[in-house]
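First comes the structure, then the notes that go with it.
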């Protein structure tokens, strides 16, 4: 039981460290973290969109994070490294965070999912899925679940481990809405799929409009004025 207990404790520690870094580096565009234990050091690689914000002036911020991880989680000799995100469209958490920002500004959920799914597939993903669940309807309405997908997304077995995913919750006025994003990265090889197959997008997704674009102004047509009826006089 000693070895089994050690594996469980390591998994719990990795989960807590991941949650801690996700909260601390949210403003730096946190995407993912990879923790690798070795007999000498514990390597922690963090992917963010703004590495300068993580490193800080003269490396003070990254040093404080390393000390906090050592003191709070009792990890011996942690080494924190920062990796810059090159393509945000292929990172599930960043896309889920982007969807939550649009939702909180009051944009339509279905239009947001169509636009982001098109953006992910245009970036070269082999498959993508976006699920929004919660108070999608107006305030006081029932919770709903909206799911959009394109390409190939394995859901069971060993191939499902090759799918990256991220979950973020939005908090608009109507209520909480959870956004789950799954992405199959370019170049992923599956045993039941031929490499290099072109992914055909449905028409509803390929024709999705940019949600950043301002809505079209509707010009009200002036209705022709009705001819006034002649004034009727009372008979004497």
1 or more residues more than 29 Å from residue 171 (Cβ to Cβ): qualifying helices (runs of 4 or more DSSP H) within segment 31-120: 51-55, 60-73
Conditions (1) on the phi < 0 side of the Ramachandran plot; (2) without any contact (Cβ under 8 Å) to a residue 40 or more places away in the chain; number of the one not met by residue 181: (2)
Within segment 17-30, can you find the residues that are assigned to a helix (DSSP H, G or I) and farther than 12 Å from residue 75 by Cα? 18, 19, 20, 21, 22, 23, 24
Within segment 37-48, how many residues turn out to be surrounded by fewer than 17 Cβ atoms within 10 Å (Cβ to Cβ) and closer than 19 Å to residue 92 by Cβ? 1
Go through (1) surrounded by fewer than 21 Cβ atoms within 10 Å (Cβ to Cβ); (2) under 22 Å from residue 34 (Cβ atoms) and name the single condition residue 101 misses. (2)
For residue 21, only one of the following conditions fails: (1) free of Cβ contacts under 8 Å to residues at least 12 places away in the same chain; (2) outside the structural domain of residue 165 (by TED's automatic domain parsing). What is its number? (1)
Which is in contact with a strand residue (DSSP E or B) (Cβ under 6 Å, 6 or more places away or on another chain) and either surrounded by fewer than 17 Cβ atoms within 10 Å (Cβ to Cβ) or under 13 Å from residue 69 (Cβ atoms) (or both), of 9, 34? 34
Tell me whether segment 104-117 contains one or more residues that are under 25 Å from residue 46 (Cβ atoms), modelled with pLDDT of 90 or more, out of contact with any strand residue (DSSP E or B) (no Cβ under 9 Å at 6 or more places or on another chain) and crowded, with 17+ Cβ neighbours inside 10 Å. no
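The values are calculated or read from the model by the stated rules, or taken from the named source; none is laboratory data. As the structure is a computational prediction, the values presented were derived from the model and not from experiment. Backbone-built Cβ (ideal geometry, glycine too); neighbour counts: all protein chains shown.
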